[in-house]
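The values are calculated or read from the model by the stated rules, or taken from the named source; none is laboratory data. Bear in mind that the values here come from a model prediction, so they are computed numbers and not experimental data. We place every Cβ from the backbone using ideal geometry, glycine too, and count neighbours over all the protein chains shown. Accessible surface areas use protein heavy atoms only, side chains included; no ligands, DNA or RNA. Shrake-Rupley method; radii C 1.70, N 1.55, O 1.52, S 1.80 Å.
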Amino acid sequence: MSFYLTEEEIQQMRTNGYIGPFDLYERDEILEKYKNIRAKMFDRKNAAYDLEHTSVVSGYDRHLDIDALSEHVMNPIIVNKVNSILGPDLICWRSEMFPKYPGDEGTDWHQADTFSHASGAPQIRWPGESDFGGAITVWTALTDVSEEVGCLCFIPGTHEEMYYDESKDMEYTPDEVNALEKDGVKRGFFGYDYRNLQKDPSWKPDESQAVPIKMKAGQFVIFWSTLMHSSLPNITKDQTRLGFAARYVPAAVDIYPDTDSVTEYGSELSLEKYGVVSVSGERNDSHNRVLDESLNGFSFKR
Ligand SMILES: O=C(O)CCC(=O)C(=O)O
(Lines give C-alpha, C1' and ligand atoms only; values in the text may rest on other atoms or scores of the structure.)
Protein backbone atom coordinates (compact mmCIF):
# COMPACT_ATOMS: atom_id res chain seq x y z
CA MET A 1 0.00 0.00 0.00
CA SER A 2 1.24 3.50 -0.69
CA PHE A 3 -0.03 6.74 0.76
CA TYR A 4 1.61 9.47 -1.32
CA LEU A 5 0.06 12.92 -1.80
CA THR A 6 -1.95 13.46 -4.99
CA GLU A 7 -0.72 15.98 -7.57
CA GLU A 8 -3.41 18.38 -6.34
CA GLU A 9 -2.27 18.01 -2.72
CA ILE A 10 1.37 18.57 -3.72
CA GLN A 11 0.28 21.76 -5.47
CA GLN A 12 -1.66 22.89 -2.36
CA MET A 13 1.41 22.21 -0.22
CA ARG A 14 3.54 24.32 -2.58
CA THR A 15 1.09 27.19 -2.52
CA ASN A 16 0.01 27.21 1.13
CA GLY A 17 2.96 25.59 2.93
CA TYR A 18 0.66 23.08 4.65
CA ILE A 19 -1.69 20.24 3.83
CA GLY A 20 -4.24 18.30 5.84
CA PRO A 21 -5.57 17.30 8.28
CA PHE A 22 -5.45 13.63 7.30
CA ASP A 23 -6.91 10.68 9.23
CA LEU A 24 -4.41 8.34 10.85
CA TYR A 25 -5.80 6.58 13.93
CA GLU A 26 -9.35 5.52 14.79
CA ARG A 27 -10.86 7.22 17.84
CA ASP A 28 -10.55 4.19 20.18
CA GLU A 29 -7.03 3.53 19.00
CA ILE A 30 -5.79 7.06 19.62
CA LEU A 31 -7.46 7.33 23.03
CA GLU A 32 -5.71 4.13 24.05
CA LYS A 33 -2.39 5.41 22.67
CA TYR A 34 -2.86 8.75 24.42
CA LYS A 35 -3.32 7.01 27.79
CA ASN A 36 -0.28 4.81 27.23
CA ILE A 37 1.98 7.63 25.96
CA ARG A 38 1.02 10.00 28.79
CA ALA A 39 1.95 7.36 31.36
CA LYS A 40 5.27 6.62 29.63
CA MET A 41 6.21 10.31 29.39
CA PHE A 42 6.91 10.30 33.14
CA ASP A 43 9.32 7.37 32.90
CA ARG A 44 12.63 8.83 31.69
CA LYS A 45 14.70 5.68 32.37
CA ASN A 46 15.62 5.27 28.67
CA ALA A 47 15.00 8.85 27.52
CA ALA A 48 17.67 10.42 25.31
CA TYR A 49 18.33 13.32 27.70
CA ASP A 50 19.00 13.56 31.44
CA LEU A 51 17.20 16.68 32.63
CA GLU A 52 17.44 18.59 35.87
CA HIS A 53 14.08 20.31 35.52
CA THR A 54 10.95 20.17 33.41
CA SER A 55 10.62 22.42 30.38
CA VAL A 56 9.60 22.11 26.75
CA VAL A 57 12.68 19.92 26.14
CA SER A 58 11.21 17.22 28.43
CA GLY A 59 9.03 16.42 25.42
CA TYR A 60 11.94 16.21 22.95
CA ASP A 61 12.70 13.01 21.05
CA ARG A 62 10.51 10.63 23.00
CA HIS A 63 10.24 8.64 19.74
CA LEU A 64 13.69 7.42 20.83
CA ASP A 65 12.35 5.67 23.95
CA ILE A 66 8.55 5.25 23.75
CA ASP A 67 7.63 2.40 21.38
CA ALA A 68 4.26 3.84 20.27
CA LEU A 69 6.07 7.00 19.15
CA SER A 70 8.95 5.07 17.52
CA GLU A 71 6.34 3.25 15.46
CA HIS A 72 4.44 6.46 14.77
CA VAL A 73 7.37 8.35 13.18
CA MET A 74 7.87 5.42 10.77
CA ASN A 75 4.18 5.06 9.86
CA PRO A 76 3.97 4.80 6.03
CA ILE A 77 0.78 6.90 5.98
CA ILE A 78 2.92 9.78 7.23
CA VAL A 79 6.26 8.87 5.61
CA ASN A 80 4.86 8.45 2.08
CA LYS A 81 3.21 11.86 2.25
CA VAL A 82 6.44 13.48 3.38
CA ASN A 83 8.27 11.55 0.60
CA SER A 84 6.00 13.37 -1.88
CA ILE A 85 7.46 16.66 -0.62
CA LEU A 86 11.07 15.85 0.31
CA GLY A 87 11.93 12.82 -1.84
CA PRO A 88 12.75 9.18 -1.07
CA ASP A 89 15.63 9.43 1.43
CA LEU A 90 14.16 10.69 4.64
CA ILE A 91 15.15 11.01 8.29
CA CYS A 92 13.16 11.96 11.35
CA TRP A 93 15.55 14.22 13.28
CA ARG A 94 13.40 15.52 16.12
CA SER A 95 10.07 15.03 17.80
CA GLU A 96 8.34 17.26 20.37
CA MET A 97 5.31 16.97 22.61
CA PHE A 98 3.17 20.08 22.72
CA PRO A 99 0.75 20.00 25.64
CA LYS A 100 -1.52 22.96 26.39
CA TYR A 101 -3.07 22.60 29.82
CA PRO A 102 -6.24 24.51 30.86
CA GLY A 103 -5.31 28.20 31.13
CA ASP A 104 -2.01 27.86 29.20
CA GLU A 105 -0.84 30.59 26.86
CA GLY A 106 -0.83 30.04 23.10
CA THR A 107 2.40 29.72 21.11
CA ASP A 108 3.84 32.89 19.55
CA TRP A 109 3.80 33.38 15.80
CA HIS A 110 7.09 31.99 14.51
CA GLN A 111 8.99 30.41 11.64
CA ALA A 112 11.94 27.99 11.93
CA ASP A 113 14.57 27.65 9.23
CA THR A 114 17.76 26.40 10.96
CA PHE A 115 16.08 25.95 14.39
CA SER A 116 18.86 28.03 15.95
CA HIS A 117 16.20 30.34 17.43
CA ALA A 118 16.55 29.24 21.05
CA SER A 119 19.97 27.53 21.03
CA GLY A 120 21.90 30.16 19.05
CA ALA A 121 23.48 27.51 16.76
CA PRO A 122 21.96 25.92 13.63
CA GLN A 123 20.44 22.55 14.45
CA ILE A 124 20.02 21.52 10.82
CA ARG A 125 22.19 22.42 7.82
CA TRP A 126 21.06 21.69 4.27
CA PRO A 127 23.83 20.69 1.84
CA GLY A 128 25.33 22.97 -0.80
CA GLU A 129 24.79 26.66 -1.11
CA SER A 130 21.08 26.64 -0.28
CA ASP A 131 20.50 29.39 2.28
CA PHE A 132 16.92 28.36 2.99
CA GLY A 133 16.07 25.04 4.54
CA GLY A 134 13.57 24.24 7.24
CA ALA A 135 11.96 20.91 8.00
CA ILE A 136 8.64 19.28 7.37
CA THR A 137 6.63 19.01 10.58
CA VAL A 138 3.94 16.39 10.97
CA TRP A 139 1.77 17.47 13.90
CA THR A 140 -0.55 14.75 15.19
CA ALA A 141 -3.48 15.48 17.49
CA LEU A 142 -3.49 13.04 20.43
CA THR A 143 -6.62 14.77 21.77
CA ASP A 144 -9.39 16.64 19.97
CA VAL A 145 -8.07 20.10 19.09
CA SER A 146 -10.61 22.93 18.95
CA GLU A 147 -9.96 26.67 19.02
CA GLU A 148 -10.84 26.67 22.75
CA VAL A 149 -8.13 24.15 23.69
CA GLY A 150 -5.51 25.96 21.59
CA CYS A 151 -5.42 24.74 18.00
CA LEU A 152 -2.58 25.59 15.62
CA CYS A 153 -3.03 28.61 13.35
CA PHE A 154 -1.27 29.06 9.99
CA ILE A 155 -0.84 32.02 7.66
CA PRO A 156 -0.99 30.31 4.25
CA GLY A 157 1.73 31.02 1.70
CA THR A 158 4.26 32.54 4.14
CA HIS A 159 6.73 29.62 4.01
CA GLU A 160 9.17 31.02 1.46
CA GLU A 161 10.18 34.24 3.16
CA MET A 162 11.65 34.49 6.64
CA TYR A 163 10.29 37.40 8.69
CA TYR A 164 12.53 36.41 11.62
CA ASP A 165 16.29 36.28 11.96
CA GLU A 166 17.06 33.20 14.03
CA SER A 167 20.61 34.37 14.72
CA LYS A 168 19.33 37.32 16.79
CA ASP A 169 19.37 37.07 20.60
CA MET A 170 16.34 35.95 22.57
CA GLU A 171 16.49 35.78 26.36
CA TYR A 172 15.01 32.89 28.37
CA THR A 173 12.72 34.53 30.94
CA PRO A 174 9.95 31.98 31.55
CA ASP A 175 8.13 33.81 34.35
CA GLU A 176 7.87 37.16 32.60
CA VAL A 177 6.95 35.83 29.19
CA ASN A 178 4.16 33.61 30.43
CA ALA A 179 2.09 36.63 31.39
CA LEU A 180 2.24 38.50 28.07
CA GLU A 181 -0.81 39.58 26.11
CA LYS A 182 0.05 40.12 22.46
CA ASP A 183 -2.62 41.98 20.49
CA GLY A 184 -5.20 40.75 22.96
CA VAL A 185 -4.08 37.10 22.90
CA LYS A 186 -2.08 35.46 25.68
CA ARG A 187 0.93 34.00 23.87
CA GLY A 188 4.58 33.11 24.48
CA PHE A 189 7.33 30.88 23.16
CA PHE A 190 7.96 28.48 26.05
CA GLY A 191 9.85 31.09 28.06
CA TYR A 192 11.03 33.30 25.18
CA ASP A 193 9.39 36.19 23.34
CA TYR A 194 9.67 35.30 19.66
CA ARG A 195 9.05 38.92 18.61
CA ASN A 196 12.68 39.59 19.59
CA LEU A 197 13.76 37.77 16.43
CA GLN A 198 11.74 39.92 14.04
CA LYS A 199 13.88 41.33 11.23
CA ASP A 200 11.75 44.46 11.41
CA PRO A 201 10.78 45.14 15.06
CA SER A 202 7.74 47.17 13.97
CA TRP A 203 6.33 44.45 11.65
CA LYS A 204 3.33 42.35 12.68
CA PRO A 205 2.05 39.11 11.17
CA ASP A 206 -1.13 39.65 9.16
CA GLU A 207 -3.47 37.81 11.50
CA SER A 208 -6.46 38.62 9.30
CA GLN A 209 -5.15 35.85 7.01
CA ALA A 210 -4.71 33.28 9.82
CA VAL A 211 -6.43 29.91 9.48
CA PRO A 212 -7.29 27.90 12.64
CA ILE A 213 -6.49 24.19 12.20
CA LYS A 214 -9.16 22.28 14.08
CA MET A 215 -8.45 18.57 14.33
CA LYS A 216 -9.99 15.37 15.64
CA ALA A 217 -7.87 13.15 17.89
CA GLY A 218 -5.94 10.81 15.58
CA GLN A 219 -5.56 13.26 12.68
CA PHE A 220 -2.31 14.88 11.49
CA VAL A 221 -1.40 18.00 9.54
CA ILE A 222 1.81 18.54 7.53
CA PHE A 223 3.53 21.93 7.30
CA TRP A 224 6.84 23.59 6.49
CA SER A 225 8.57 24.77 9.67
CA THR A 226 9.16 28.03 7.77
CA LEU A 227 5.39 28.60 7.53
CA MET A 228 4.19 31.36 9.86
CA HIS A 229 2.50 29.37 12.61
CA SER A 230 1.25 29.83 16.16
CA SER A 231 -1.39 28.41 18.44
CA LEU A 232 -4.24 29.83 20.50
CA PRO A 233 -4.33 29.77 24.32
CA ASN A 234 -6.22 26.97 26.05
CA ILE A 235 -9.17 28.85 27.52
CA THR A 236 -10.95 25.77 28.88
CA LYS A 237 -11.06 24.91 32.57
CA ASP A 238 -10.61 21.17 32.30
CA GLN A 239 -9.42 20.02 28.85
CA THR A 240 -5.80 19.35 27.96
CA ARG A 241 -4.71 19.39 24.33
CA LEU A 242 -1.75 17.32 23.29
CA GLY A 243 0.02 17.48 19.95
CA PHE A 244 3.00 15.39 18.87
CA ALA A 245 5.25 17.00 16.26
CA ALA A 246 7.68 14.85 14.27
CA ARG A 247 10.20 16.71 12.11
CA TYR A 248 11.60 15.31 8.87
CA VAL A 249 14.35 16.37 6.45
CA PRO A 250 16.16 14.66 3.55
CA ALA A 251 18.91 12.28 4.73
CA ALA A 252 21.52 14.61 3.16
CA VAL A 253 20.83 17.33 5.75
CA ASP A 254 23.39 17.64 8.58
CA ILE A 255 21.82 17.42 12.03
CA TYR A 256 23.39 19.33 14.92
CA PRO A 257 26.48 20.13 12.82
CA ASP A 258 29.77 20.56 14.73
CA THR A 259 28.38 20.08 18.23
CA ASP A 260 27.75 17.38 20.82
CA SER A 261 25.33 19.31 23.02
CA VAL A 262 22.42 21.73 22.72
CA THR A 263 21.52 24.48 25.19
CA GLU A 264 17.99 25.87 25.04
CA TYR A 265 14.87 26.48 27.14
CA GLY A 266 17.05 26.57 30.26
CA SER A 267 18.51 23.05 29.76
CA GLU A 268 21.66 21.57 28.32
CA LEU A 269 21.15 18.39 26.32
CA SER A 270 24.03 16.02 25.72
CA LEU A 271 23.75 14.40 22.28
CA GLU A 272 25.63 11.31 23.46
CA LYS A 273 22.64 8.98 23.02
CA TYR A 274 21.02 10.94 20.17
CA GLY A 275 20.69 9.67 16.63
CA VAL A 276 18.44 10.25 13.63
CA VAL A 277 15.93 7.66 12.44
CA SER A 278 16.08 6.68 8.78
CA VAL A 279 12.41 6.27 7.86
CA SER A 280 12.70 5.65 4.10
CA GLY A 281 15.22 5.25 1.26
CA GLU A 282 19.02 5.37 1.67
CA ARG A 283 20.22 5.77 5.25
CA ASN A 284 23.18 7.98 4.25
CA ASP A 285 25.02 7.68 7.58
CA SER A 286 28.27 9.34 6.49
CA HIS A 287 27.44 12.55 8.37
CA ASN A 288 24.69 11.72 10.89
CA ARG A 289 24.55 8.93 13.47
CA VAL A 290 21.66 6.71 12.37
CA LEU A 291 20.06 4.56 15.07
CA ASP A 292 19.21 0.93 14.24
CA GLU A 293 17.06 0.66 17.29
CA SER A 294 15.50 2.97 19.84
CA LEU A 295 16.91 3.45 23.34
CA ASN A 296 14.12 1.10 24.45
CA GLY A 297 15.17 -1.59 21.96
CA PHE A 298 12.46 -0.92 19.33
CA SER A 299 13.87 -1.91 15.91
CA PHE A 300 13.90 0.87 13.32
CA LYS A 301 14.43 -1.77 10.59
CA ARG A 302 12.11 -1.32 7.62
O1 LIG B 1 1.70 23.11 19.30
C2 LIG B 1 2.07 24.27 19.37
O3 LIG B 1 1.51 25.11 20.07
C4 LIG B 1 3.25 24.75 18.58
C5 LIG B 1 3.74 23.74 17.61
C6 LIG B 1 4.88 24.22 16.80
O7 LIG B 1 5.29 25.35 16.84
C8 LIG B 1 5.53 23.26 15.91
O9 LIG B 1 5.14 22.09 15.87
O10 LIG B 1 6.48 23.66 15.21
Discussion item. In Å², and per residue, what accessible area does the stretch 7-280 have when probed at 1.4 Å with the other protein chains present?
Written reply: 43
Practice prompt. Within the stretch 218-297, list the trypsin sites (Lys or Arg not before Pro) lying in a DSSP loop whose Cβ has at most 14 other Cβ atoms in a 10 Å radius.
Written response: 237, 289
Fill in: Filtered trypsin sites (Lys or Arg not before Pro), the stretch 109-213: DSSP coil and at most 15 other beta carbons within 10 Å
168, 199
Fill in: Inter-label distance, nm, simple model (7 Å from Cα along the C-beta direction), residue 53/residue 299
4.3
Discussion item. Applying a 10 Å radius around every beta-carbon, put 67-77, 102-112 in order of their mean neighbour count, most first.
Written reply: 102-112, 67-77
Item to complete: Starting from the Cα gyration tensor of the chain, multiply each eigenvalue by 5, take the square root, and state the resulting semi-axes largest first in whole Å.
Response: 26, 22, 22
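With a 1.4 Å probe and every protein chain kept in, tell me what percent of the accessible surface of the chain is carbon plus sulfur. If you can, show how the numbers build up before the last one.
Values: 6520 of 13790 Å².
Carbon and sulfur: 47 percent of the exposed surface of the chain.
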